[in-house]
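In what follows, a structure is listed as structure tokens, so that the remarks can point back to it.
The values are calculated or read from the model by the stated rules, or taken from the named source; none is laboratory data. Keep in mind it's a predicted model, so treat the numbers as computed, not measured. Note that each Cβ is placed from the backbone with ideal geometry, even for glycine, and that neighbours are counted across all protein chains shown. All accessible areas refer to the heavy atoms of the entire protein, side chains included, with ligands and DNA or RNA removed. Shrake-Rupley method; radii C 1.70, N 1.55, O 1.52, S 1.80 Å.
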Amino acid sequence: MSEMQGKQRSAVVFGARNLGRAVIELLVSDGWAVTGVARSRSTLDGVSAAGALALKADVTDPASVYGVLEQAAAAHGGVELVLNAAAAYGGERTGPFGGGPIAEADLDGFDSWAAAPARAAFSFLSASGRFAIAQGRAATLVQVTGGSARRAMPGRGLWAAGSFGVRAITNAAALELRPHGIQVALLIVDAGIQPLDGSTRAGVSAEALADPRRIADAALFLANQDARSATHELQLTPLAENWTP
């Protein structure tokens with residue numbers, strides 16, 4: 001939402017390693033008070049180096065999410081933006097990439113590729129939604145997901161099921177929280193995300209990968225909207241990647 005005059009805005013970013021780190025760096029440079037949340041010590045060290053408050057938490061645990069938001073609010077006088085860029089999978093993903101053909105997949109694959117992403121989105125939005133309502137002022141909640149939230153592909157049905165779940169939960173949260181003056185947005189990155197150090201992925205053109213710093217620009221765009229211009233779903237697709245309307 002729009003900046004409150006005379007007050008430094010505060011943001012909490014879950015998943016601070018690559019895309020999340022880019023968002024943190026942009027927000028810090030834009031004058032925000034930022035809290036970066038991760039589970040690994042090395043990632044948290046990077047958060048501190050970027051000039052943000054580093055806190056350890058698990059986005060798949062609603063109590064952990066809520067606790068971090070309370071700590072950030074106590075440190076910075078409230079929270080105006082909460083963004084979830086954390087990997088949406090609990091533990092190790094099993095089976096082939098995307099879960100594999102439905103007729104060959106098993107329940108372990110379903111749990112890791114389909115159930116885990118939806119659970120993480122629920123945990124994030126449930127806790128941050130309750131926090132934002134209790135806070136009693138305008139805020140923006142952003143859930144990041146991939147292009148599988150828009151379509152299923154052969155061999156990736158389980159991944160799509162999880163991503164469709166993320167989209168449905170986020171859309172429902174947007175409808176439910178609008179009356180409270182809280183904007184909820186799904187940020188769909190319909191491409192692989194390039195590592196922050198500028199390296200590329202084997203067999204993938206750099207031009208077909210989304211630049212994490214440009215994705216961060218989109219997150220800031222969402223945070224800068226106000227009650228008369230709320231975007232609830234924003235898709236980013238590099239021109240060198242396939243795009244399907």
Task: Matching residues in the stretch 144-166 - criterion: being free of Cβ contacts under 8 Å to residues at least 60 places away in the same chain and under 14 Å from Leu186 (Cβ atoms) - done: Thr145, Gly146, Ser148, Ala149, Ser163, Phe164, Gly165
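Each row is one residue, and each column tells you yes or no for (1) more than 20 Å from Gln183 (Cα to Cα); (2) over 16 Å from the mean Cα position of the chain (by Cα); (3) not in a loop (DSSP other than H, G, I, E, B).
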residue: Lys7; (1), (2), (3): no, yes, no
residue: Val34; (1), (2), (3): no, no, yes
residue: Val37; (1), (2), (3): yes, no, yes
residue: Asp45; (1), (2), (3): yes, yes, yes
residue: Ala63; (1), (2), (3): yes, yes, yes
residue: Ala73; (1), (2), (3): no, yes, yes
residue: Gly78; (1), (2), (3): no, yes, no
- [ ] Confirm whether Val68 is open to solvent by 20 Å² or more (accessible area, probe 1.4 Å), farther than 15 Å from Thr140 by Cβ and either outside any helix (DSSP H, G or I) or not hydroxyl-bearing (Ser, Thr, Tyr) (or both).
- [x] no
- [ ] Within the stretch 159-171, identify whether any single residue is of a type outside the set (S, T, N, Q), open to solvent by less than 20 Å² (accessible area, probe 1.4 Å) and touching a Leu at 6+ places or on another chain (Cβ under 9 Å), and answer yes or no.
- [x] yes
Open item on the list: Among the residues of the stretch 168-180, are any of a type in the set (Lys, Arg), in a helix (DSSP H, G or I) and out of contact with any Gly (no Cβ under 9 Å at 6 or more places or on another chain)?
Closed with: yes
Open item on the list: For the stretch 189-220, which positions are farther than 16 Å from Thr237 by Cβ, open to solvent by 10 Å² or more (accessible area, probe 1.4 Å) and either outside any loop (DSSP other than H, G, I, E, B) or of a type in the set (D, E, K, R) (or both)?
Closed with: Asp197, Arg201, Arg213, Leu220
Task: Near pairs, Cβ below 9 angstrom, 6+ apart or cross-chain, from the stretch 217-243 (closer than 25 Å to Gly31 by Cα and touching a residue at least 12 places away in the same chain (Cβ under 8 Å)) to any residue that is outside any helix (DSSP H, G or I) and of a type in the set (Lys, Arg) - done: Ala223/Arg9
